[in-house]
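These notes concern the structure reproduced below.
The values are calculated or read from the model by the stated rules, or taken from the named source; none is laboratory data. Here the structure is a predicted model, which means the values were calculated and not measured. Please note: Cβ atoms are built from the backbone with ideal geometry, for glycine as well, and neighbour counts cover all protein chains shown. SASA here: full protein model, heavy atoms, side chains in, ligands and nucleic acids out. Shrake-Rupley method; radii C 1.70, N 1.55, O 1.52, S 1.80 Å.
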Amino acid sequence: MTVTWEELGWERLADGVGRCRLPGWDCTAGLVLGAGGALMVDAGSSLAEGARLHEAARRLAGHRVTHLALTHPHFDHVFGAAAFEGAEVYGAADTGALFAPGGQGREALRADAVAEGLDARAAREAADALVPVAHEVAGERVLDLGGGTRVLLADVGPGHTSHDLAVLVPGSPAVVLCGDLVEESGEPQAGPDAVPSGWPAALDRLLDLGGDDALYVPGHGAVVDAAFVRAQRDALAARFGVSR
């Protein structure tokens, strides 16, 4: 029996492209379906959430997720990654070192998750289970999901972090999954790993990818248009004193 995006609580964005707004931190997870593959964009905030996302993807695709793209190394986007067993994992350049077993990156993610309200046991389990980022994207990389579905991964940062990956799904409309470079449900968050001086330029790169008519999917909040991204770019430049 065919399952629709809406029946699973997902939002259909274009042919074979949808996203889910997850509870708690209102974090986006995206899914792109091809004839032979399925790309999940971000993995949720815990192993249990990742498992729920993978099950929804299986029902929509008819098979497991084959590729997982992590837009940036924050717990609410990566802690479900181990639930996507067998998937090829992609991240921005130099992301992999942050997930190394026994490294400070895992511990920092765990501590941040607990500080933000994730159950301490769930945070420890997810941090310990973090999967390696096998494919680091420096510049751009195209994934072929079969049946003519090709997706572009682009290292567009630094901005929200030093490791910001965006995903472009060409089409009518094109869809750009932005990670937390763009936020709609609140002011963009600049933590200690943000690079404010580079953030406006990162949004310029997003706009170059998608153009005027694309749908831009924030890491948190409702889908927006190019005008919203431009306005947020200008607000960030003013907020951080970045010359345009």
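Per the listing A231, A201, A237, the residue uniquely touching a helix residue (DSSP H, G or I) at 6+ places or on another chain (Cβ under 6 Å) and either among the small types (G, A, S) or assigned to a helix (DSSP H, G or I) (or both) is A237. Right, V142: touching a Lys or Arg at 6+ places or on another chain (Cβ under 6 Å), closer than 21 Å to V89 by Cβ and free of Cβ contacts under 8 Å to residues at least 60 places away in the same chain or not? Here the answer is yes, as V142 does meet what is asked. Pairs meeting the criteria (first residue in segment 60-78 and within 14 Å of V32 (Cα to Cα), second residue of a type in the set (S, T, N, Q), beta carbons under 9 Å, at least 6 apart or on different chains) are L60/T4; L70/T95.
Considered as a group, the residues in segment 126-143 that are open to solvent by less than 30 Å² (accessible area, probe 1.4 Å) and part of a helix (DSSP H, G or I) include one that is farthest from L98 (Cα to Cα), and that residue is A126.
Among residues of segment 214-235 that are on the phi > 0 side of the Ramachandran plot, those with a Cβ under 9 angstrom from a residue that is crowded, with 22+ Cβ neighbours inside 10 Å, sequence gap 6+ or separate chain, pair up as G221/T28; G221/V182.
Residue by residue, here is whether (1) outside any helix (DSSP H, G or I); (2) open to solvent by 10 Å² or more (accessible area, probe 1.4 Å); (3) closer than 14 Å to G179 by Cβ holds:
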{"position": "G36", "(1), (2), (3)": "yes, yes, no"}
{"position": "A43", "(1), (2), (3)": "yes, no, yes"}
{"position": "G50", "(1), (2), (3)": "no, no, no"}
{"position": "E55", "(1), (2), (3)": "no, yes, no"}
{"position": "R59", "(1), (2), (3)": "no, yes, no"}
{"position": "V65", "(1), (2), (3)": "yes, no, no"}
{"position": "H72", "(1), (2), (3)": "yes, no, yes"}
{"position": "H77", "(1), (2), (3)": "no, no, yes"}
{"position": "A82", "(1), (2), (3)": "no, yes, no"}
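Of the candidates A154, A123, the single residue that is open to solvent by less than 20 Å² (accessible area, probe 1.4 Å), over 19 Å from H220 (Cβ atoms) and assigned to a helix (DSSP H, G or I) is A123. Look at segment 1-22: where a residue is farther than 21 Å from D76 by Cα and a partner is of a type in the set (D, E, K, R) and exposed (fewer than 11 other Cβ atoms within 10 Å of the Cβ), sitting 6+ places away or on another chain with Cβ atoms under 8 Å, you get R12/E6.
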